[in-house]
Amino acid sequence: MTFLPEVTIERTPTGALPVIKPLLGWRVLVPRGGKWGDGIAAQLRALGATPVIAPLINFAGSDDPDRLADELAALQRGEVEWLVVTSATTVDVLVGHGVSIPESTRVAAVGETTAHALQLAGYPVDFVPSDHSARGLVKEWPAADVRGRVLVPQSQIAEPTLVSGLLERGVDARFVTAYRTVGVEAPAEVVRDVAAGRITGLIISSGSVARQVAEQFAPLPDCTAVVCIGPRTAFDARAAGLTVHRIAEERSSQALVRALAEYAMDPDDNCPPVVP
């Protein structure tokens with residue numbers, strides 16, 4: 001049995017101001033744990049949803065720790081002109097290795113979330129592209145006269161877009177594996193709930209999450225909403241065989257939740273949720 005989606009409006013204890021909860025009745029899969037997962041879950045609850053935290057990926061140490069140690073040592077000696085950071089996980093690696101970034105080294109962050117993580121860790125941020133993607137950073141790269149090394153520590157499965165794009169611009173960009181992204185098997189109960197349509201929304205935060213969703217849950221029920229963070233992640237999701245219903249315009253958790261809420265409020269776009 002199904003019911004038509006409605007925007008539920010509650011009132012505050014004073015009855016003065018309406019509280020809109022567009023995701024009331026939705027169960028939404030949160031595919032990562034930790035602070036990111038907890039933050040997303042809190043935002044979803046505020047909009048009425050029931051988050052289901054089931055991490056589909058985890059992070060392990062670099063498969064080439066000696067080279068990573070060498071590159072980070074060169075960074076601390078001031079031999080790197082620019083450090084390019086593409087994820088909060090890379091920030092965790094820098095902190096875990098006790099890295100101090102010299103004043104002579106400038107730092108670029110792909111996205112506001114990464115920039116925020118850098119700042120929280122006490123690192124400077126000199127540049128964030130308006131297009132929060134690897135392509136955006138290459139296109140908006142601010143340093144046409146770079147003569148030194150540009151260090152790009154990323155996951156072992158990172159697309160070569162960033163490094164290859166900088167190399168094409170004549171920049172001495174060097175990739176190093178900072179960490180490994182590995183898949184995590186979802187609990188059997190979550191797999192059953194997705195298959196039965198009892199999870200009505202899936203938020204996709206990266207290409208690696210998209211591939212895990214496709215591998216573990218496909219084919220998804222027709223009425224399961226898939227929302228992706230940014231066009232690159234949406235491209236990866238479609239390449240993995242997923243139907244993408246909405247794309248968050250900004251690479252942030254707030255934009256991701258907002259895109260799902262907008263989808264839920266548009267009766268022309270979404271299916272009615274399944275009654276548990």
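The values are calculated or read from the model by the stated rules, or taken from the named source; none is laboratory data. Small disclaimer: the values here were computed from a predicted structure and weren't measured. All Cβ positions, even for glycine, are placed from backbone atoms using ideal geometry, and neighbour counts span all protein chains on display. We work out accessible area using only protein heavy atoms, side chains counted, and drop any ligands, DNA or RNA first. Shrake-Rupley method; radii C 1.70, N 1.55, O 1.52, S 1.80 Å.
Where residues in the stretch 51-79 are of a type in the set (Val, Ile, Thr) and touching a Gly at 6+ places or on another chain (Cβ under 7 Å), which of them is farthest from residue 198 (Cα to Cα)?
We begin by selecting, within the stretch 51-79, every residue of a type in the set (Val, Ile, Thr); these are 52-53, 57.
Filter again for touching a Gly at 6+ places or on another chain (Cβ under 7 Å), leaving 53, 57.
Details: 53: 14, 57: 22 Å.
Here the residue is 57.
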For the stretch 174-183, does any single residue satisfy the condition of being open to solvent by 60 Å² or more (accessible area, probe 1.4 Å) and within 16 Å of the chain's Cα centre (by Cα)? yes
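Among the residues of the stretch 86-99, write down those that are exposed (fewer than 12 other Cβ atoms within 10 Å of the Cβ) and either assigned to a loop (DSSP other than H, G, I, E, B) or among the aliphatic types (A, V, I, L, M) (or both). Give the steps one after another, and end with the answer.
So the first thing to find is which residues in the stretch 86-99 are exposed (fewer than 12 other Cβ atoms within 10 Å of the Cβ), and the list is 96, 98.
Selection gives 98 alone.
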If we keep just the residues of the stretch 100-129 that are under 19 Å from residue 32 (Cα atoms) and open to solvent by 70 Å² or more (accessible area, probe 1.4 Å), which is farthest from the chain's Cα centre (by Cα)? 116
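If we keep just the residues of the stretch 242-265 that are polar (S, T, N, Q) and over 12 Å from residue 226 (Cβ atoms), which is surrounded by the most Cβ atoms within 10 Å (Cβ to Cβ)? Talk me through it step by step, then tell me what you get.
First pass over the stretch 242-265, keeping only residues polar (S, T, N, Q): 243, 252-254.
Okay, now just the ones that are also over 12 Å from residue 226 (Cβ atoms), so 252-254.
Working: 252: 17, 253: 22, 254: 14.
Only one residue fits best here, namely 253.
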Output for the stretch 136-156, where each listed residue is modelled with pLDDT under 90, surrounded by 14 or more Cβ atoms within 10 Å (Cβ to Cβ) and closer than 26 Å to residue 209 by Cβ: 136, 137, 138
Selection within the stretch 170-186 - among the charged types (D, E, K, R) and either modelled with pLDDT under 95 or assigned to a strand (DSSP E or B) (or both): 172, 174, 180
Of the residues 95, 80, 84, 107, only one is out of contact with any strand residue (DSSP E or B) (no Cβ under 9 Å at 6 or more places or on another chain), hydrophobic (A, V, I, L, M, F, W, C) and more than 18 Å from residue 205 (Cα to Cα); which? 95
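Every residue, every condition in (1) under 17 Å from the mean Cα position of the chain (by Cα); (2) among the basic types (Lys, Arg); (3) on the phi > 0 side of the Ramachandran plot, yes or no:
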site	(1), (2), (3)
152	no, no, no
164	no, no, no
186	no, no, no
198	no, yes, no
208	yes, no, no
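Can you confirm whether residue 189 is modelled with pLDDT of 95 or more, surrounded by fewer than 15 Cβ atoms within 10 Å (Cβ to Cβ) and more than 21 Å from residue 242 (Cβ to Cβ)?
Numbers: modelled with pLDDT of 95 or more: yes; surrounded by fewer than 15 Cβ atoms within 10 Å (Cβ to Cβ): yes; more than 21 Å from residue 242 (Cβ to Cβ): yes.
Yes, satisfied.
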What number of residues within the stretch 32-67 are part of a helix (DSSP H, G or I), open to solvent by less than 20 Å² (accessible area, probe 1.4 Å) and either touching a His at 6+ places or on another chain (Cβ under 8 Å) or not aliphatic (A, V, I, L, M) (or both)? 1
Go through the stretch 202-237 and give me each residue that's open to solvent by 10 Å² or more (accessible area, probe 1.4 Å), farther than 22 Å from residue 179 by Cβ, part of a helix (DSSP H, G or I) and at pLDDT below 95. 231, 235
Failed item, numbered, when residue 111 is tested on (1) on the phi < 0 side of the Ramachandran plot; (2) in contact (Cβ under 8 Å) with a residue 60 or more places away in the chain; (3) out of contact with any Ser or Thr (no Cβ under 6 Å at 6 or more places or on another chain); (4) small (Gly, Ala, Ser): (1)
